[in-house]
1. Full-extension gain between A:Asn711 and A:Gln549, please, as 0.36 nm times their residue separation minus the C-alpha to C-alpha distance.
2. Sorted by average packing, counted as other Cβ atoms within 10 angstrom per residue and highest first, what order do A:622-631, A:135-144, A:713-722 take?
3. Loop-only check: which trypsin sites (Lys or Arg not before Pro) in the range A:156-190 are DSSP coil with at most 11 other Cβ within 10 angstrom?
4. Find the Cα radius of gyration of the range A:115-272, compare it with 2.2 N^0.38 Å by division, and give the number to two decimals.
5. What average number of partner chain Cβ atoms lie no more than 10 Å from the Cβ of the residues making up A:349-357?
6. Could you tell me the calculated FRET efficiency between A:Lys299 and B:Glu114, based on Cβ-Cβ distance and R0 = 60 angstrom, to the nearest 0.05?
7. Magnitude of the Cβ-charge dipole of chain A, K/R +1 and D/E -1, about the Cα centre, nearest 20 debye?
8. Within the range A:209-271, which trypsin sites (Lys or Arg not before Pro) sit in a loop by DSSP and count at most 14 neighbouring Cβ atoms inside 10 Å?
Amino acid sequence: MDDHKIFKVSRRDFIKTTSVGVTGLLIGMSISCTDNKKKLTGDPQSRFTPNLFISIDGNGDVKLIAHRSEMGTGIKTSLPIIIADELEADWSKVKIEQALGDDKYGDQNTDGSYSVRMFFMPLRKAGAMARTMLEQAAAKEWGVDVSTCKAVNHEVVHSSGKAFGYGYLAAKAALLPLPDENKVTLKSPKDFRYIGKPSSIIDMEDIVTGQAKFGLDTNVPNTKVAVIKRNPEAGAGVKSFNAEAASKIPGVIKVFKLDAPGFPTNFFKPLGGVVVVADNTWSALKGREALVIEWEHGKNANYSSAPYIKNMMKGAKSKGKVRRDNGDVDEAFKASKTLLEAEFIVPHLAHAPMEMPCAVAHFHEQSCQVWAPTQDPQGAKKALAGALGLDEKAITVNVTLLGGAFGRKSKPDFIVEAALISKNIGAQVRVVWTREDDIQHDFFHAPSAQYIKVGIDKNNRVNAWLHRSVFPSIGGTAAEQAIEPSGGELSLGMIDMPYDIKNVRCETQQAPTKIRIGWLRSVSNIQHAFAIGCMVDEIAHARGVDPVQNLIDMIGDDRRIDFASLTKELENYSEKQEDFPWETARFKNVIQVAKEKSSWGKKLPKGSGQGIAVHRSFLTYVACVVEVNVDENNKITIPKVDYVVDCGLAVNPERVKSQFEGGASFSTSIALKSEITVKDGSVVESNFHNYFLARMSDAPIQTAVHIIESNEKPTGAGEPPVPPFAPALCNALFAATGKRIRQLPVKLT
Amino acid sequence: MFKNTNHFLARKWKLDGRHLALVPVREIILSMVKDNCYIDFKITHMATYQININGQVQQVEAMPDTPLLWVLRDHLLLTGTKFGCGIAQCGACTVHLDGMATRSCGLVISSVGERKITTIEGISTGGLHAVQQAWIEENVPQCGFCQTGQIMSAVALITQTPNPTDEEIDVAMSGNICRCGTYERIKKAIKRAAKSELK
């Protein structure tokens, strides 16, 4: 599989592929509301479905489709808000339905912080189209010019004051021809009813009462439960197994082998292993523990992360493949007055969403239905079709709520497991992953080694920047020949380094992929922002300039950076440079606001310090100031974090805030707690007693999120909180203790 | 015959001490040791239990070492109680055992006896509990998966400590992991709920 899948470009003109449908009886239209001036409702059976996303019935109830996956970002609310706003719908009359996996909706792969960016305009048009038709229907009914009719909060109002409700108009609007989606009039941002205002998520009450249905909660009667013992070495198979003891556990129904894919495993293939199917989860788990298995050894049986990282660092210190080359770095170093060098290491990380991978599958008469917490229902459908030898039409993918995902659940391996097992046993089955399965068989974040060398000239300006980044590519999980980072991976924070430096060279080295590597929230931005964010702080101290002023100095004049002239490999999050240019003024602005909001430079007690880092990722500009305290026992607390966010127009600022608050905690895990190590092909950590995550007592005490007011195009919000946090924290630790941190997770002693 | 038994026991019990000091975790361990009950591969029989859940006595048939978590989820279809780690480290499966926050993944069915179990489905008979209400007002959840466990820990906390300090909240809640990182709002919601309950 080509690793260009990192960035998606499929963006179909989906509104056109729709149909207008009227169901029910139109004859003898019942008017259930007899208000003299207003007719609110019509035949409850009538239905107006101007496009795939909207359906209005005769009662005036609006059903909107949420086609992207809800994993905690609030997207199941935020996208329908966009439609409802343009539709002038009353939010209290809106119901939201989660879409099945179906390419008619356009892109459903909920990753890359894409959802709002990609669908803001299409969904506005979808809503505006329906609103226009409702206005036209009312004008026709009254026999007046449509310009005298205006949709306002679930009614179309005539200039005389009379009004029809959306329910009454549904049947009539359904008879009208569809307007051209590109010619409908969109609302002026000043008239937005919901966009840009805080909205609660629609599943709120179900979540707090325990009624919300996550993947693990799929309740289909007569479902068997399966667990799988997988080879500790990714992709390797089963030599032999003895199921005698397992079969004696009450409730155990069947034990059988599932083929292993070898390595590279690919993204969609199950790891194989020995499957235990039982009547209930405990029997299955107990049966699995009673298995006796002899494993095959594969090509990565000797993979150990510690020597691997050491070796990558050796590579990072020697000349590599050039990925960006401006000016002449080697000559410039000769002219530098001061040279700085630093090495940075970030380990493997696991996603560890609170809900482990899980799926229910029912294979029946050459068709298959699944229920799964998937980020990518269309990808799952394709993978299932391939694995089962079925046409995609025979496959139904129901998307449940996701109990967290962070990139893990964009891979459908666990759903394919469920389907293959269902086919084997001829019954409906739920595949359950334990936490041990999740942590030991993840698609891990790549470990990385980086080297940065910087020259400062006699005018106290940075005149040369050499950056080498070495890590196994995600592509290597699918293709053996992918042994060096792709341009896409380097576009996440490395070759898009924005500072105004004449001589820049970025290089990579080969590092073959030895275990399943995948996308973790913000991906290679994690290591690149860490290295660059810390290095820039070292530069500030070497230059003898305040870190905030240093950032302003280094970014240079207000301009749009012409990356096309700097590197051929930049992908700009799959957007054209002219549509989403790299604007240094926006970068500077978030720095200035952060300086003010964090009271930068304020007097702090001994053992405390502030640090700053700034990073643009997923087209969003983020400045992060972390205040840290280190006590005499080297215990680290984080009293305050200030994030300044320029993500264009924030459709639901409440959820943007929550993403950043949560992002601070997620990043605290990366910076201070989490590390996956691999020894002889097996992952050492197994559960939360040795794969540590930030708890309440570790997380920042107060995270203030300042969103820049903007009418620019919306950009990402889910991933951008992560990259600048760790470097800001490490820079704060330097301010507090004088100790430079160049390896994560932080170990002060 | 049970080659992996010792390994499995060791894994279940090795909590590495890190959060052993926290009251809820200790509660479980003490109760399990006291009741002399743990996961046992020699147990291969089914038994019938009458357990009091949310004010109702329910009859279930299960192996004696079945964790209460799976009895709730698989046998009684009370899926508000979540599976997050299986070793009492994350709190997603928190229920109340006679009012005490308890990890249901580490409590085996044979040790429950007549003690009263309350799950998220049973914390409020009419409408929402003050803690649930506060959770809504503070917009706490992101993905929401851990939140029922968080709420169960929070309800137990403010029942026992009506006006908890920041430190008391940290101690009571540190056994509950939220990967989305909603901790700040959880703390605010607990204070809000405590305030409304004190009125």
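1. Details: separation 162, 0.36 × 162 = 58.32 nm, distance 2.77 nm.
Result for the pair: 55.6 nm of gain on full extension.
2. Working: A:622-631: 25.8, A:135-144: 18.3, A:713-722: 27.3.
Per-residue mean Cβ counts within 10 Å order the peptides as A:713-722, A:622-631, A:135-144.
3. Passing both the DSSP loop test and the Cβ count: A:Lys183.
4. Numbers: Rg = 28.2 Å, N = 158, 2.2 N^0.38 = 15.1 Å.
After normalising by residue count via 2.2 N^0.38 Å, the value is 1.87.
5. The per-residue average across the peptide is 5.
6. Values: r = 57 Å, r/R0 = 0.95.
The value I calculate is 0.60.
7. Details: 92 positive and 87 negative charges, 112 e Å.
So the magnitude is around 540 debye.
8. Numbers: sites: A:Lys213, A:Lys224, A:Lys229, A:Arg230, A:Lys239, A:Lys248, A:Lys254, A:Lys257; in loops: A:Lys213, A:Arg230, A:Lys248.
Answer in residue order: A:Lys248.
Quick note: the coordinates plus some simple rules give every number you see, no bench work behind them. Keep in mind that what you see is a predicted model, and the values were worked out from it rather than measured. Heads up, the Cβs are rebuilt from the backbone with ideal geometry, glycines too, and the neighbour counts pull from every protein chain shown.
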